[in-house]
Amino acid sequence: MAKVEGSYLVAKAIQNEGITTLFGLPGGPVVEVIGFAAQLGVRPISVRHEQAAALSAAAYGYVRNEVGVCVLAAGPGVTNALTGAHVAFDNGLPIVLLGGSGPQHGRYSGTFQETDNVPMFKSITKMSVQIDSAARIPEYMSMAFRKARSGRPGPVYLDLPSDVLQAEVEEDDVKWPVNYFADVHPMGDANQVKKAAELLLNAERPLMIVGKGVRWSEPTEELKGLVEELGMPFISSPMGRGFIPDDHPLNAAAARSTAIRGADVVLMVGARMNWMFDFGRGFAPDAKIIHVDIEPGEIGINRAVEVGIVGDAKGVLQQILTEIDGKTDGIADKAEEGPWLTSIRDKAASNGAAIEPLLNSDSDPIRTFRMMKEIRDVFPRDTIYCVDGQMTLGTGRQVLQSYTPASRLNSGSNGCVGVGVPFAVGAKLGRPDVPVVSINGDCAFGFNAMEMETAVRHGIPAIFIINNNSGIVGGTMEAKMGLPEGYGERVATYVQDIRYDKIIEAFGGYAENVTHPEELRPALERAYEATKAGKVACINVISEHMEMMVNTATRASALMGY
Ligand code: ADP
């Protein structure tokens, strides 16, 4: 009988799950996991920092609707991934983090890179455990995959002690769990669905809010069907965009505040009543909220709900559609002519007119709005945008459009700066068939800029754009800090007009440096062509330093681009 080691079993479990790509940085004691994975046909993507491994895995899983996997070397390698785990936890993204650790038999004796990883991950994962023996690796791995993707998705951490990874077991004795996951779309309570349907049918000013929780069952037909059946406007959370195309005539995004303030019935699907929706305070006090979420504990947080439906977005939307079937005669037509849609469309038109001059601005240095407009006009409808950085998010929200599911990735619920580059690496690997454009403020870009080398080395032809305004919030932050007069050191502005494009040149990618507005479009087009030929592209755009966003309030949501 043949013996196999723990590392092999970890890799085999990844392969059995149907995962074809993992992210990691080869180091002890997980290097053999990575080696066995490659032998088994699971492509290891070797990153430059473990934060990026977790973030790329999360994006890869998000765009493919599957679990992302990252493999982390012991000690600092594991702690480096904490931020990525937090991003996945706060955004409900399914990843399995496999962290190496020192030998079980040497605990507390000062072994190399000894770290107590399990408690560190406890509060930012759905499960954080140490595997106790090689023989149980398959069982733990199936547990991790099940947990990561069931109910509200999220991260799972498995700690892999070196002696467990190196231990050998008889291959024939290994028990591989099968059918360890129920692929179901739980339906909502029939009475609650009935109440929701009645509220929607009788609403004068209905509004639907779409969040990224819809990603996992992708109810695109149902979402569109419901808004069209009722003539109901909708808005999306930043990552909830694209599940109904942004150019749908019922999209109220450009009149977001009007829609939120004025609605009398709000159907919220796969989104939380958290800071992003101002804890529900922006809705009229007597607005009736219908909240659909797969996580029972989420319903009723921060704002009273009239109807709470625990279930999967697709299943519940189908139930509501069935319930209203045959009862919607004339509703949508009436809505089209009615004051609710008219007020939203009027407001959207005036907001649109307000930013029009910025979109077409010839001012030099380049306005961020102009940069976004050129990007919007060059790339096709199925483009995946990964947007990162405060000002960049704020303008991107107003200008870029998304038309397909899971095609907008950004700093997400926990506002993590630094996601733009690694998200694009993961997204392009996950969806090589579509353009992936990563747009970053220069501060945000700095966090994970080295991952462009990962992209070049592995042949991942994404486009990285830097909105280079030479500092944090274009330098306005320094003024805000009220630094004492004569204080000479820069804290929120950087060395001016850095040539970040030189970095990609050093890596062997395609570089553009843009300093004038009329250069933008040809540079974007050339870079896009370069990526079609398999090159990784980077465009450094020197933009207005002190530019402020339109309608910028001090509210975090406005600043973070929501
Ligand atoms: P957003 O940032 O887009 O507003 P959040 O991450 O705040 O979204 O919230 C997403 C919500 O979607 C979470 O509360 C999560 O429990 C929920 N969710 C996840 N999967 C599903 C699903 N299949 N059906 C319904 N709700 C879901």
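I'm checking my understanding of the structure. Among residues of region 92-121 that are in contact with a strand residue (DSSP E or B) (Cβ under 6 Å, 6 or more places away or on another chain) and farther than 28 Å from Asn65 by Cα, which one is least open to solvent (accessible area, probe 1.4 Å)?
Residues of region 92-121 that are in contact with a strand residue (DSSP E or B) (Cβ under 6 Å, 6 or more places away or on another chain), as a first pass: 95-101, 103-104, 117-118, 121.
Narrowing further to those that are farther than 28 Å from Asn65 by Cα: 101, 103-104.
Values: Ser101: 2, Pro103: 26, Gln104: 62 Å².
Among residues in region 92-121 that are in contact with a strand residue (DSSP E or B) (Cβ under 6 Å, 6 or more places away or on another chain) and farther than 28 Å from Asn65 by Cα, the one least open to solvent (accessible area, probe 1.4 Å) is Ser101.
Please verify whether Gly420 is farther than 26 Å from Pro233 by Cβ, in the same structural domain as Ala492 (by TED's automatic domain parsing) and not hydrophobic (A, V, I, L, M, F, W, C), treating the condition exactly as stated. Please lay out each step first, then the result.
On the way: farther than 26 Å from Pro233 by Cβ: yes; in the same structural domain as Ala492 (by TED's automatic domain parsing): yes; not hydrophobic (A, V, I, L, M, F, W, C): yes.
In short, yes.
Report yes if Asp183 is within 13 Å of the ligand (Cβ to nearest atom) and of a type in the set (Asp, Glu), otherwise no. Break it down into steps so the answer makes sense when it comes.
Values: within 13 Å of the ligand (Cβ to nearest atom): yes; of a type in the set (Asp, Glu): yes.
So Asp183 fits the description; yes.
Looking at Gln192 and the list (1) crowded, with 24+ Cβ neighbours inside 10 Å; (2) within 16 Å of the ligand (Cβ to nearest atom); (3) part of a helix (DSSP H, G or I), which single condition is not satisfied?
So the condition that Gln192 fails would be (1).
Return yes when Thr21 is out of contact with any Cys (no Cβ under 6 Å at 6 or more places or on another chain), free of Cβ contacts under 8 Å to residues at least 12 places away in the same chain and open to solvent by less than 40 Å² (accessible area, probe 1.4 Å) and no when it is not.
no
Among the residues of region 226-249, which ones are away from the ligand (no atom under 11 Å from the Cβ), at negative phi and either in contact (Cβ under 8 Å) with a residue 24 or more places away in the chain or in contact with a Ser or Thr (Cβ under 8 Å, 6 or more places away or on another chain) (or both)? Reasoning before the result, please.
Residues of region 226-249 away from the ligand (no atom under 11 Å from the Cβ): 226-234, 242, 244-249.
Now narrow it down to the ones that are at negative phi: 226-230, 232-234, 244-249.
The answer is Leu226, Glu228, Glu229, Leu230, Met232, Pro233, Phe234, Ile244, Pro245, Asp246, Asp247, His248.
Whether any residue in region 435-454 is open to solvent by 50 Å² or more (accessible area, probe 1.4 Å), of a type in the set (D, E, K, R) and farther than 27 Å from Asp364 by Cβ is what I want to check.
no
Condition first: outside any loop (DSSP other than H, G, I, E, B), more than 29 Å from Ala85 (Cβ to Cβ) and in the same structural domain as Ser402 (by TED's automatic domain parsing). Can you find one or more residues in region 448-458 that meet it?
Residues of region 448-458 that are outside any loop (DSSP other than H, G, I, E, B), as a first pass: 448, 451-458.
Keeping just the survivors that are more than 29 Å from Ala85 (Cβ to Cβ) gives none.
No, the conditions are met nowhere in region 448-458.
In region 305-314, which residue that is open to solvent by less than 10 Å² (accessible area, probe 1.4 Å) and more than 8 Å from the ligand (Cβ to nearest atom) is farthest from Ala271 (Cα to Cα)?
The qualifying residue farthest from Ala271 (Cα to Cα) is Val307.
Name the residues in region 128-169 that are more than 16 Å from the ligand (Cβ to nearest atom), open to solvent by 40 Å² or more (accessible area, probe 1.4 Å) and either touching a Lys or Arg at 6+ places or on another chain (Cβ under 6 Å) or not assigned by TED's automatic domain parsing to the domain that holds Glu114 (or both), would you?
Glu168
Starting from residues that are in a helix (DSSP H, G or I) and open to solvent by less than 30 Å² (accessible area, probe 1.4 Å), keep the ones in region 213-225 and report whichever is farthest from the ligand (Cβ to nearest atom).
The first filter runs over region 213-225 and keeps only residues in a helix (DSSP H, G or I), leaving 213-216, 220-225.
From what's left, open to solvent by less than 30 Å² (accessible area, probe 1.4 Å): 214-215, 222-223, 225.
On the way: Val214: 7, Arg215: 7, Glu222: 11, Leu223: 12, Gly225: 17 Å.
Looking at residues that are in a helix (DSSP H, G or I) and open to solvent by less than 30 Å² (accessible area, probe 1.4 Å), I get Gly225.
The values are calculated or read from the model by the stated rules, or taken from the named source; none is laboratory data. Bear in mind that the values here come from a model prediction, so they are computed numbers and not experimental data. In this analysis, Cβ positions are derived from the backbone assuming ideal geometry, glycine residues included, and neighbour counts consider all displayed protein chains. For accessibility, only protein heavy atoms count, side chains too; no ligands or nucleic acids. Shrake-Rupley method; radii C 1.70, N 1.55, O 1.52, S 1.80 Å.
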